[in-house]
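The values are calculated or read from the model by the stated rules, or taken from the named source; none is laboratory data. Everything numeric in this text was worked out from a predicted model, so none of it was measured. Note that each Cβ is placed from the backbone with ideal geometry, even for glycine, and that neighbours are counted across all protein chains shown. In case anyone asks, the SASA skips ligands and DNA or RNA and just uses the protein heavy atoms, side chains included. Shrake-Rupley method; radii C 1.70, N 1.55, O 1.52, S 1.80 Å.
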There are 6 protein chains.
Amino acid sequence: MSERFTHFDDEGQAIMVDVGDKADTQRLAVARGEIRMREATLERILDRRVEKGDVFAVARIAGIMAAKQTSALIPLCHPLMLNSVSLDFFPHPGEGRVEVEARVKVGGKTGVEMEALTAVSVATLTIYDMCKAVDKEMVIGEIRLLEKHGGKSGSFVRGGAARPGGRESGE
Amino acid sequence: MSERFTHFDDEGQAIMVDVGDKADTQRLAVARGEIRMREATLERILDRRVEKGDVFAVARIAGIMAAKQTSALIPLCHPLMLNSVSLDFFPHPGEGRVEVEARVKVGGKTGVEMEALTAVSVATLTIYDMCKAVDKEMVIGEIRLLEKHGGKSGSFVRGGAARPGGRESGE
Amino acid sequence: MSERFTHFDDEGQAIMVDVGDKADTQRLAVARGEIRMREATLERILDRRVEKGDVFAVARIAGIMAAKQTSALIPLCHPLMLNSVSLDFFPHPGEGRVEVEARVKVGGKTGVEMEALTAVSVATLTIYDMCKAVDKEMVIGEIRLLEKHGGKSGSFVRGGAARPGGRESGE
Amino acid sequence: MSERFTHFDDEGQAIMVDVGDKADTQRLAVARGEIRMREATLERILDRRVEKGDVFAVARIAGIMAAKQTSALIPLCHPLMLNSVSLDFFPHPGEGRVEVEARVKVGGKTGVEMEALTAVSVATLTIYDMCKAVDKEMVIGEIRLLEKHGGKSGSFVRGGAARPGGRESGE
Amino acid sequence: MSERFTHFDDEGQAIMVDVGDKADTQRLAVARGEIRMREATLERILDRRVEKGDVFAVARIAGIMAAKQTSALIPLCHPLMLNSVSLDFFPHPGEGRVEVEARVKVGGKTGVEMEALTAVSVATLTIYDMCKAVDKEMVIGEIRLLEKHGGKSGSFVRGGAARPGGRESGE
Amino acid sequence: MSERFTHFDDEGQAIMVDVGDKADTQRLAVARGEIRMREATLERILDRRVEKGDVFAVARIAGIMAAKQTSALIPLCHPLMLNSVSLDFFPHPGEGRVEVEARVKVGGKTGVEMEALTAVSVATLTIYDMCKAVDKEMVIGEIRLLEKHGGKSGSFVRGGAARPGGRESGE
């Protein structure tokens, strides 16, 4: 793993690093985070979902659209033409907790970790926004990279994360 | 506290709720979150800071600019003309942890919780981006509203948060 | 009704006209449009809606977010802090036709016709995008202002439009 | 033609579909729409055009810039690096009607139908904006895809559209 | 005139300063800049203008739209709801020089100097873009604030600038 | 050098020109500009820099982020996936003058002159914004292309510019 912060040059000045020599490879990143809330709040989200009014549907769109804005939000991120973005929501009703997972793919010169992490962040923020009238003490957390494939540095799979599933193991 | 999700109408359709009858009042929101990393990563951030190349300076700008884009990111958020935005970074070197706090003010019809939370989220994402070449296992978490003032619902101060300081108690 | 194009000065140069002398009043605009498609396409949209996968829910979010970007899209439009945006979808299954109606409110110096029309346009474009794999011959049309209230020029209600309902009469 | 809505996964969740396996091919899309207005309004537009103050010139710029923002407006659209965008305006003075046609090209993995349709939509909205002080009853309509080339699904040319020309047959 | 840089707090951290205590007043800013080019290039611009194809018309729209994006471009700028924006172009054919002047008005808590300067900058950049195929040695310069009115600090009129006119004295 | 303005078609209508036939080549552009101010203002910038509060660090981020927004700001610019962006600041304390240089690289079909010039423009505007409380008479100028490589037209190096250094000769 690199020994230096690549986003600064030798004089400590922030730069958008040159990726011109990198190969265009197929890349995938998966990130996950969660939002914790009162159990009653989550019950209400899930109740409504069955009827009508789907918090997760709105948060999903927000996350997908945010993934496309990543390079406009994160100062030193490279613009990328994303091949796909998908988000999954895993509610844990007994725990007042919703996990959010984003998968982003690209064929390009840089990885899409930031796009996946940004999608998760904005999706959880959107859940917060839609539920804040009934619960102001929600906490967004555990936003992390689960895995990453493609590019010169090869694959990364988060250590003890032992993610017990994914889409398949979802709800 | 309201018994309904205000971002859906009676038929469960997402709406940007009408705030036309709300008064323009001075509003403040304070949000906080953190990013956890290997101690060596944080040491490197702090070392460089003394010399040159300041991760927090870049993250601060990213957070401020993101606060101004909140209504473009969060689907049902109202546009607001923010009066001020500031971010503070509280590194805890022994714990490999950096806390980020955002304060946002507005004179307007809706609160600025989402702006403060978005600023914290994007600032922590920017730290992640700048350090990910040396540490891919960083975790962003504990993003929450600390306090909120102004508007009809009055002041909210997070329960057990007992924030032991703030800017004053910073570094 | 004005006898001149207000978006040009005396020399025929495009300007964003000065609204500084206008009063801040409560303003409402309602716009409507439609997208026509094969009956089978609409049936599929409505079928899925009952199960899962709601085209209208995605289009609604797109329309609301577009309303907030109106002044960035339409060159001479003034920025406004919208008070509310809502969209309704009225499917006419026997006719292969979906009507889309947007209502936008603001307290400000200029009307919100463009915001309502933009919301309708982008919502219908989003329906097109989501259905174009099964039907490339859809047509977007009849995008028009239904009514407008507030401001010095007073209320406008579209002539022969005799809108037989609205939200109430919707589906 | 596909039998499913590609923008939902098997569980009915909106996704930005994976285009990673698609080839980069040269693609073209042509869309057309119109705005109908009182004859006197169109006469005024055309009069001014001869002198000074060109409504179509402003609408053309708005349409081109909107084409570049398509993936930010339409939730599930892929970002694309457009190769070219052009817009043509075909006024029909005797009918109080202006047709707008957009042509968009790209070398990429997805088609540019949405970019062409978005360019037409925003160009007609801009005409509406610039003329609304003298005519509030304008109607935007007949926005449709005329043709589309490139990509695995091959060429599409709209059925009965029998477009009697194009740029050549214009004014 | 203030003795401190208001965009840093006491610890030297960048902030978007609090304008909550400032009064909403009517404000105006006028900025001017120029682009210098070969005389032949300017002749060509002016020739085409008479016929068809108006470089200044495109640059004017770009400048107006950029003024509305100022707070998204300049990190510590406050968002503002502009009341008006206009740009004028003053070609000096004998000198291969085009002056660009922007006037921006707002009723708000902060001045609009940055909006006027940004409009001039982007308008001159747009001229550069449109002419760079025939002249790569153009120089953009003399971008400065001419005058500023409204707000607690009162009026500022640039010293030796002795602008001999304005729109009136233009060409 | 081309004899025509490529951004207009034969009828004088603005177009985003077709670059579909151009090859993807490695391209570099370097632009430079300056901002002139009172010597005392520059001294203050440089003083603070040593302590804390770095005007250039904020301006650098603004310039990098603006480079990524170029195609959204300049109407007829093509979107590009930039490979790298860097900015350097060369203060000339005895002259009350700061030079700003931007270097932008891409592998693509069009050059990145506009991205480099836009980065310089927005960086100087940001310096203006941060110093305007103490000096309203600053002037931004001499924004020009220094060199450009790649593409069919080959290399361009500005004539008498004889740039006496670059990063090396910096501070």
Exercise. Could you tell me which of the residues D:170, D:150 is within 28 Å of residue C:8 (Cβ to Cβ) and either modelled with pLDDT under 95 or more than 9 Å from chain C (Cβ to nearest Cβ) (or both)?
Key: D:170
Quiz item: Yes or no: residue B:75 more than 18 Å from residue B:27 (Cβ to Cβ), surrounded by fewer than 24 Cβ atoms within 10 Å (Cβ to Cβ) and not charged (D, E, K, R)?
Solution: no
Quiz item: Could you count how many residues in segment E:99-136 are in a strand (DSSP E or B), open to solvent by less than 10 Å² (accessible area, probe 1.4 Å) and touching a Lys or Arg at 6+ places or on another chain (Cβ under 8 Å)?
Solution: 5
Exercise. Kindly list, by first and then second residue, each pair from a residue in segment D:60-71 that is within 12 Å of residue F:78 (Cβ to Cβ) and part of a helix (DSSP H, G or I) to a residue that is open to solvent by less than 10 Å² (accessible area, probe 1.4 Å) and among the hydrophobic types (A, V, I, L, M, F, W, C), limited to pairs with Cβ atoms under 6 Å and residues at least 6 apart or on different chains.
Key: D:64/D:85; D:64/F:16; D:67/D:85; D:67/D:104; D:67/D:119
Practice problem: Within segment F:79-90, identify whether any single residue is closer than 27 Å to residue A:21 by Cα, open to solvent by 10 Å² or more (accessible area, probe 1.4 Å) and of a type in the set (A, V, I, L, M, F, W, C), and answer yes or no. | Solution: yes
Quiz item: Among the residues of segment F:48-55, is any open to solvent by less than 40 Å² (accessible area, probe 1.4 Å) and without any contact (Cβ under 8 Å) to a residue 60 or more places away in the chain?
Solution: yes
Quiz prompt | Positions within segment D:83-129 being within 12 Å of chain F (Cβ to nearest Cβ), in contact with a Ser or Thr (Cβ under 9 Å, 6 or more places away or on another chain) and of a type in the set (A, V, I, L, M), in sequence order | solution = D:102, D:104, D:106, D:112, D:119
Practice problem: Give F:39, F:34, F:11 a once-over and let me know the one that is at the interface with chain E (Cβ under 10 Å from one of its Cβ atoms), open to solvent by 10 Å² or more (accessible area, probe 1.4 Å), at pLDDT 90 or above and over 14 Å from residue E:130 (Cα atoms). | Solution: F:34
Exercise. Please identify the pairs in which a residue from segment C:99-123 that is free of Cβ contacts under 8 Å to residues at least 40 places away in the same chain has its Cβ atom under 7 Å from the Cβ atom of a residue that is part of a strand (DSSP E or B) and surrounded by fewer than 24 Cβ atoms within 10 Å (Cβ to Cβ), counting only partners at least 6 apart or on another chain.
Key: none
Practice problem: From D:121, D:155, grab the single residue that is of a type in the set (Gly, Ala, Ser), modelled with pLDDT of 90 or more and over 14 Å from residue C:121 (Cβ atoms). | Solution: D:155
Exercise. Could you tell me whether segment E:107-129 includes any residue that is among the acidic types (Asp, Glu) and in contact with a strand residue (DSSP E or B) (Cβ under 6 Å, 6 or more places away or on another chain)?
Key: yes
